[in-house]
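Structure, as structure tokens:
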Amino acid sequence: MNNKFELIYEGKAKKVFSHEDADKVIIEFKDDATAFNSLKKARFEGKGKLNCQISSKIFELLINKNIPTHFLELKNENTMIAKKIRVIPLEIVLRNIAYGSLCKQTTLKLGSTLAKPLIDIYLKNDELNDPLITKDRIELLNIVSAKDLDSIIDLTLEINRILQEFFKKIKLQLVDFKLEFGHDLKNNILLGDEISPDNCRLWDLNQKSDIIVSLDKDRFRNDLGGLIEAYSEINRRINDFI
């Protein structure tokens, strides 16, 4: 990245830089992979490029469906231009199928389809290990207004509807996903962060057996191997369809 741009923030998978336009930022996707709150780390060459490409296509899809997002355009293969937002410190997780922590914390059977989408909200705080948080606690901590939280939940449900339909067309099952939102300079709520196999569980529907084939970061979490191959396959299916 050119030195004239100031590094504003560096996270686990992305760097955010300033832009000539104060209303915009430059987001560079890293090749780093982390899991279990960064207890597990690795680097996969080409991962950042793939996540950037996948995210940009999905953001464009959502924008065409009237979902407000921070995405503006690609700058290069692993960098995008986005609207500057004040990130709301909440992680919104929507689940369509019981998997992962939901099965560890409840009696739901792994892989069972939920009667309706479940939204879990987590406080975005690494020191506290991103705890599950209630609406009352969100209000107590004055994180976001009740009206804005309702808007975020409505947007998440609509994003789920759009993505489920889209992924099904490219033979992928959207198991669950994590979203982050923020306010732009006019205080509008925008979808931020990324939408990629890093924060979506995607199962391959081309499998003829009942064996789950993950095409997402679970390949790294669970030591399955083939992470870049899985991300490349998702990118190929998206490009073939769009």
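Descriptive notes on the structure:
- Under 17 Å, Cα to Cα: Lys pairs in the range 121-242, sequence gap 8 or more or different chains: 8
- Amide hydrogen neighbours beyond the local backbone of F181, cut-off 5 Å, H modeled: I88, L90, G192
- Long-range HN-HN contacts of K75 with modeled amide H, under 5 Å: M80, I81
- In loop segments of the range 64-173 as defined by DSSP, the GluC sites (Glu not before Pro) with at most 16 further C-beta atoms inside 10 Å of their C-beta are E77.
- A simple spin-label model places the labels of K124 and L39 2.3 nm from each other, with each point 7 Å out along Cα-to-Cβ.
- Qualifying trypsin sites (Lys or Arg not before Pro) in the range 41-80, DSSP loop, other Cβ atoms within 10 Å at most 15: K65
- In terms of its Cα atoms, the range 86-227 spans 48, 30, 30 Å along the principal axes, sorted from long to short.
- Under the criterion of Cα pairs below 8 Å and six or more residues apart, the relative contact order for the chain equals 18 percent.
- Loop-located trypsin sites (Lys or Arg not before Pro) in the range 171-216 (DSSP state not H, G, I, E or B) with no more than 11 neighbouring Cβ atoms inside 10 Å: K186, K208.
- Peptides 101-111, 13-23 ordered by average Cβ neighbours within 10 Å, highest first: 13-23, 101-111
- Per-residue ellipticity at 222 nm computed for the chain from its helices equals -9000 deg cm²/dmol, with DSSP H segments shorter than 4 residues left out and the rest contributing -39,500 (n - 2.57).
- A convex hull fitted to the Cα coordinates of the chain yields 138 cubic angstrom per residue.
Just so you know, all these numbers are worked out from the coordinates, no wet-lab data involved. Fair warning: this is a prediction, and the values are worked out from it, not measured in the lab. Here the Cβ is made from the backbone with ideal geometry for all residues, glycine too, and neighbour counts use every protein chain on show.
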